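A.B. asks: I'd like to ask some things about the structure below.
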Amino acid sequence: MEEKRHFLVPKHTILPPEKENEILKKFHTTKDDLATILYSDPMVKKLKAKIGDIIEIERESPIAGKSIYYRVVR
């Protein structure tokens, strides 16, 4: 059964550890430098993410197209 989500809530995904390292190397950064998403955020709770996980957020825009953001759970 496909899960329904509100059209205003962008797609959130927990990155697996191997992809985390790939992304951090690609952007020459560390988890400490990433923006934060709070552990109390409803999407973090829904995904059952843990503190320290990196969340990939995929937003759609009619003007900019698809944008991907990364946030670390704190």
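A.B. asks: Can you tell me how many residues within segment 15-57 are under 10 Å from residue 73 (Cα atoms) and touching a strand residue (DSSP E or B) at 6+ places or on another chain (Cβ under 7 Å)? Show your work before the answer.
C.D. replies: Taking segment 15-57 as the starting set, the residues that turn out to be under 10 Å from residue 73 (Cα atoms) are 31, 34-41, 44, 49-55.
Filter again for touching a strand residue (DSSP E or B) at 6+ places or on another chain (Cβ under 7 Å), leaving 31, 34-37, 39, 44, 49-55.
The qualifying residues number 14.
A.B. asks: Among the residues of segment 1-24, which ones are in a helix (DSSP H, G or I) and either more than 14 Å from the chain's Cα centre (by Cα) or not hydrophobic (A, V, I, L, M, F, W, C) (or both)? So that I can check it myself, show each step before the final result.
C.D. replies: First, pick out the residues of segment 1-24 that are in a helix (DSSP H, G or I): 17-24.
17, 18, 19, 20, 21, 22, listed by residue number.
A.B. asks: Can you pull out every residue in segment 10-49 that is farther than 15 Å from residue 70 by Cα and touching a helix residue (DSSP H, G or I) at 6+ places or on another chain (Cβ under 9 Å)?
C.D. replies: none
A.B. asks: Only one of 15, 24 is surrounded by 15 or more Cβ atoms within 10 Å (Cβ to Cβ), in contact with an Asp or Glu (Cβ under 8 Å, 6 or more places away or on another chain) and either hydrophobic (A, V, I, L, M, F, W, C) or modelled with pLDDT under 95 (or both); which?
C.D. replies: Numbers: 24 fails: in contact with an Asp or Glu (Cβ under 8 Å, 6 or more places away or on another chain).
Matching residue, one of 15, 24: 15.
A.B. asks: Looking at (1) touching a Ser or Thr at 6+ places or on another chain (Cβ under 9 Å); (2) exposed (fewer than 11 other Cβ atoms within 10 Å of the Cβ); (3) not charged (D, E, K, R), which is the one condition that is false for residue 7?
C.D. replies: (1)
A.B. asks: When segment 25-41 is examined, which residues are found to be more than 13 Å from the chain's Cα centre (by Cα) and on the phi < 0 side of the Ramachandran plot?
C.D. replies: Pass one, segment 25-41, residues more than 13 Å from the chain's Cα centre (by Cα): 25-30, 32-33, 40.
Answer for segment 25-41, where residues must be more than 13 Å from the chain's Cα centre (by Cα) and on the phi < 0 side of the Ramachandran plot: 25, 26, 27, 29, 30, 32, 33, 40.
A.B. asks: Okay, next question. I'd like to verify a number: residues in segment 39-74 that are in a loop (DSSP other than H, G, I, E, B) and surrounded by 12 or more Cβ atoms within 10 Å (Cβ to Cβ), how many?
C.D. replies: To start, the set of residues in segment 39-74 that are in a loop (DSSP other than H, G, I, E, B) comprises 39-41, 48-53, 62-64, 74.
Adding the requirement that they be surrounded by 12 or more Cβ atoms within 10 Å (Cβ to Cβ) leaves 39, 41, 49, 53, 74.
So the answer is 5.
The values are calculated or read from the model by the stated rules, or taken from the named source; none is laboratory data. The structure presented is a predicted model; accordingly, all values stated were derived computationally and were not measured. No Cβ is skipped: glycine too gets one built from the backbone with ideal geometry, and neighbour counts run over all protein chains shown.
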